[in-house]
Structure formats: structure tokens, C-alpha cells
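The block underneath contains the structure these notes are about, expressed in C-alpha cells.
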Amino acid sequence: MFDPFLEELQTAIKARGGISVEIPAGLERNQSQKRTSTIQSWLWKVPGFRRWRVTRLDAGESLQVLNSVAYPDYSLDHPLMGIDLLWFGARQKLVAVLDFQPLVQDKDYLDRHFDGLKDLSARFPDLNSEETMRSFDPNQYFSSWLLFCRGGSEQAETSLPPAFSSFLKAYWDLHDEASTASSSISPEDVQKLQENYDVYSADRDPAHGLFTSHFGKDWSDRFLHEFLFPASAR
Ligand code: BLA
């Protein structure tokens, strides 16, 4: 379902000089016992980023997922990039979340980094349905301009493809701009805030139950703490 987006994302990563990095043994791919679902991940080192991870989950009609997080170098204080796309085929239900995930919520920081996403959020109103968050706190590591929709095939087919491309482009633009400006948050604090993002996300991520049901608790615990949110393991 999301393979064209996966392709677009990884092509852009490679065009930006991304180098594939090894994933802890056993976590790069897994297939459920009944062979009805397969999860596969990629890890990249991209100039300007200390870590960029990508995961694809294919559980056929029941669920398709594309998930990705980009962590900038500690010398850059701009937001992380977060993508979470889910398609529940049987119910024809789309959950799409695309955000520049802010490290802090103060006005200066938001004024500095969010022009691009504000513009997208105005251009794609049907992906901006003011959904309520059930497990995350919208005021921590999410922005008010995130594209967040619980919708159906219409949004998946009409708005999502152009929104996805524009979102990636806007994030590269943000990154390029931030790379030439100076950060207002020190590298030590950026590190702490990025690590706290992992701890916070590992605690709240609604995916853990889903992973457990497909791949068992031991593997899912390892995947969560060693791959998705490694700073949560310490
Ligand atoms: C929601 N994400 C969800 C849900 C699931 C996943 C099952 C609940 C669906 C629903 O609310 O209807 C699934 N999340 C996954 C999977 C992975 C994962 C399979 O990490 C890993 C492969 N989530 C992120 C990132 C963002 C994000 C990077 O991992 C930021 C863009 C957002 N996901 C996000 C939000 C929700 C969500 C905001 C709604 C949760 C809520 O209501 O609080």
C-alpha cells in the first residue's frame, strides 16, 4: 500500500548521501509464526542526521504500515521528522500522521522551524482533521500543524500522495535552512531532548501491543528498545 512512499523516501535518503547501517541482529526482519505478517527495517546514516530509521510492516489485508523517524545531528536543534502511516484494509481505514516533531514548544522555536509545515497543513485540510490523540500528549514532541487523519481510501488516494512528497520536500528545506543557521539549543540539550523523545515514545507508542500479537513479547520488547527507541534501553 505504502511502497511508493517507501521508495520515494529511501531514494531521497540515498540522493542525500545516505549510507545503510547495520541493524542489531534479528531485528532487521521478522515473519510471524503463521507467516501472515512480515516486518522489515532499514537504518541510515545521512549527512546532518545521526540516525534515520524506516520500517515497513506488511500484514496483508489486515494492516500495512510505513513508519520512519529522522534524528538530526546534536549540533542541529531543528525538529525530528516523524512518519506513521497505517492502512487497515478490511475496514478501508487510514491513519496517517506526518509531523516535524519539535524538541521544545516555546514560541521562538516554533516560529523558527514551522513555516513549511504550517503551509502544508493549510494546503491539505482533509489530512488535518483535528483528530484527538488517545495515547500521546499532543503538547509533547508533536506540533499543532501536524498532518493527522483518521480517514479512508479517499484521503489515501487523493491527498496523501501529494502531501507525502510535499512533506518530505518541506522537511529537507527546513533541514537545509537550519544547517546554515545557528541553533539556539546547545548540543548537550539537543541530545537530552532527543533521548527523552525515545523514552517518552517507547512508553506511549500504541504499536507495542500490535507487535506483540504478531511477533511475540520478547522480540517486540527488543525491537522497541533496541531499534525503534534505543535511548529508552539505557
Ligand atoms: C497511532 N500508530 C498508531 C496506532 C498504531 C500505530 C497501531 C494506533 C492507531 C489509531 O490510533 O487508530 C502503529 N506505530 C505503529 C507502528 C509503528 C509505530 C506499527 O511506531 C512502528 C513500526 N507514531 C510514530 C511516529 C509518529 C507517530 C514517528 O511512530 C509521528 C508522526 C504518531 N501514531 C502517531 C499518532 C497516533 C499514532 C499521533 C495516534 C495516537 C493517539 O491517538 O494518541
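What about L110, is it out of contact with any Leu (no Cβ under 7 Å at 6 or more places or on another chain), without any contact (Cβ under 8 Å) to a residue 60 or more places away in the chain and surrounded by 15 or more Cβ atoms within 10 Å (Cβ to Cβ)? Break it down into steps so the answer makes sense when it comes.
Values: out of contact with any Leu (no Cβ under 7 Å at 6 or more places or on another chain): yes; without any contact (Cβ under 8 Å) to a residue 60 or more places away in the chain: yes; surrounded by 15 or more Cβ atoms within 10 Å (Cβ to Cβ): yes.
Taking the combined requirement at face value, the residue satisfies it.
Looking only at the range 68-81, filter to residues that are among the small types (G, A, S) and in contact (Cβ under 8 Å) with a residue 60 or more places away in the chain; which one of those is farthest from F167 (Cα to Cα)?
First, pick out the residues of the range 68-81 that are among the small types (G, A, S): 68, 70, 75.
Then keep just the ones that are in contact (Cβ under 8 Å) with a residue 60 or more places away in the chain; that gives 70, 75.
Details: A70: 13, S75: 23 Å.
Checked the range 68-81; the qualifying residue farthest from F167 (Cα to Cα) is S75.
Which of the residues that make up the range 160-188 are at pLDDT 95 or above, of a type in the set (S, T, N, Q) and under 21 Å from the mean Cα position of the chain (by Cα)?
Correct list: S165, S166.
For the range 20-42, which positions are part of a strand (DSSP E or B) and touching a residue at least 24 places away in the same chain (Cβ under 8 Å)?
Within the range 20-42, S20, V21, N30, I39, S41, W42 meet the criteria.
Would you confirm whether any residue within the range 189-198 is modelled with pLDDT under 95, over 19 Å from the mean Cα position of the chain (by Cα) and more than 24 Å from Q10 (Cβ to Cβ)? Before the answer, list the steps.
To start, the set of residues in the range 189-198 that are modelled with pLDDT under 95 comprises none.
For the range 189-198, residues modelled with pLDDT under 95, over 19 Å from the mean Cα position of the chain (by Cα) and more than 24 Å from Q10 (Cβ to Cβ): absent.
When you look at D84, is it more than 12 Å from the ligand (Cβ to nearest atom) and of a type in the set (D, E), yes or no?
Details: more than 12 Å from the ligand (Cβ to nearest atom): no; of a type in the set (D, E): yes.
In short, no.
Scan the range 120-160 residue by residue and report those that are in a helix (DSSP H, G or I), surrounded by 14 or more Cβ atoms within 10 Å (Cβ to Cβ) and out of contact with any strand residue (DSSP E or B) (no Cβ under 9 Å at 6 or more places or on another chain). I'd like the intermediate steps shown before the answer.
Step one: of the range 120-160, the residues in a helix (DSSP H, G or I) are 120-123, 125-127, 153-160.
Then drop every residue that is not surrounded by 14 or more Cβ atoms within 10 Å (Cβ to Cβ), which leaves 120-121, 123, 126-127, 155-156, 159-160.
Matches in the range 120-160: R123 only.
Looking at V46, V95, V65 in this structure, which one is within 9 Å of the ligand (Cβ to nearest atom), under 30 Å from R112 (Cβ atoms) and either touching a residue at least 60 places away in the same chain (Cβ under 8 Å) or over 12 Å from the mean Cα position of the chain (by Cα) (or both)? Explain how you work it out, then say what you get.
On the way: V46 fails: within 9 Å of the ligand (Cβ to nearest atom); V65 fails: under 30 Å from R112 (Cβ atoms).
Testing whether each residue is within 9 Å of the ligand (Cβ to nearest atom), under 30 Å from R112 (Cβ atoms) and either touching a residue at least 60 places away in the same chain (Cβ under 8 Å) or over 12 Å from the mean Cα position of the chain (by Cα) (or both) leaves just V95.
Among the listed residues D119, D173, D189, identify the single one that is away from the ligand (no atom under 13 Å from the Cβ) and either more than 22 Å from S68 (Cβ to Cβ) or hydrophobic (A, V, I, L, M, F, W, C) (or both). Spell out how you get there, then give the answer.
Numbers: D119 fails: either more than 22 Å from S68 (Cβ to Cβ) or hydrophobic (A, V, I, L, M, F, W, C) (or both); D173 fails: either more than 22 Å from S68 (Cβ to Cβ) or hydrophobic (A, V, I, L, M, F, W, C) (or both).
One residue alone meets the criteria, D189.
Looking at (1) within 15 Å of the ligand (Cβ to nearest atom); (2) in contact with an Asp or Glu (Cβ under 6 Å, 6 or more places away or on another chain), which one does D221 not meet, given that it meets all the others?
With (1) within 15 Å of the ligand (Cβ to nearest atom); (2) in contact with an Asp or Glu (Cβ under 6 Å, 6 or more places away or on another chain) applied to D221, the lone miss is (2).
Could you list, ordered by first residue, the pairs with Cβ atoms under 6 Å in which the first is in the range 117-142 and at negative phi and the second is of a type in the set (D, E) and within 13 Å of the ligand (Cβ to nearest atom), at least 6 apart or interchain?
Pairs found: F142/D99.
The values are calculated or read from the model by the stated rules, or taken from the named source; none is laboratory data. A quick note: this is a predicted structure, and the numbers were derived from the prediction, not measured. With ideal geometry, Cβ positions are generated from the backbone for all residues, glycine too; neighbour counts draw on all protein chains shown.
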